[in-house]
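*Asks:* I am attaching a structure below and will ask some questions about it afterwards.
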Amino acid sequence: MAHDANKWEDPIVKEVRDIRDRIAAEHGYDVRAIGRYYQQKQVRAARKLVTRPPRRPDVPKTATR
């Protein structure tokens, strides 16, 4: 998609995307490294976290013979 010079750009969205790209670049765009970064950041935040057990997906019953 070509960039339209007249198109309005949300400055908050741009800032979030720029920060996201900077963090990704700092970690070589390695998804696992980025995940570890955010996990460490979460631990350092020392906030109370809510963890829920995984939910099993609803599996439709199949017809039996």
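*Asks:* Quick check on the chain: take the gyration tensor over C-alpha atoms, sort the square-rooted eigenvalues as a ≥ b ≥ c, and tell me if it's rounded (a/c under 1.5), prolate or oblate.
*Replies:* Taking the square roots of the gyration eigenvalues as a ≥ b ≥ c, the chain is oblate.
*Asks:* Could you derive backbone 3J(HN,Hα) for the range 24-37 from the dihedral phi with the Karplus parameters 6.51, -1.76 and 1.60 (θ = phi - 60°), listing whole Hz in sequence and x where the residue is Gly or Pro?
*Replies:* 4, 5, 4, 10, x, 6, 8, 4, 5, 5, 5, x, 4, 4
*Asks:* Residue by residue through the range 41-51, what is 3J(HN,Hα) from phi via Karplus (6.51 cos²θ - 1.76 cosθ + 1.60, θ = phi - 60°)? Round to whole Hz and write x for glycine and proline.
*Replies:* 4, 5, 5, 5, 5, 6, 9, 6, 10, 9, 10
Rule-based calculations on the coordinates, nothing more; no lab input. For clarity, every value in this text was computed on a predicted model and none was experimentally measured.
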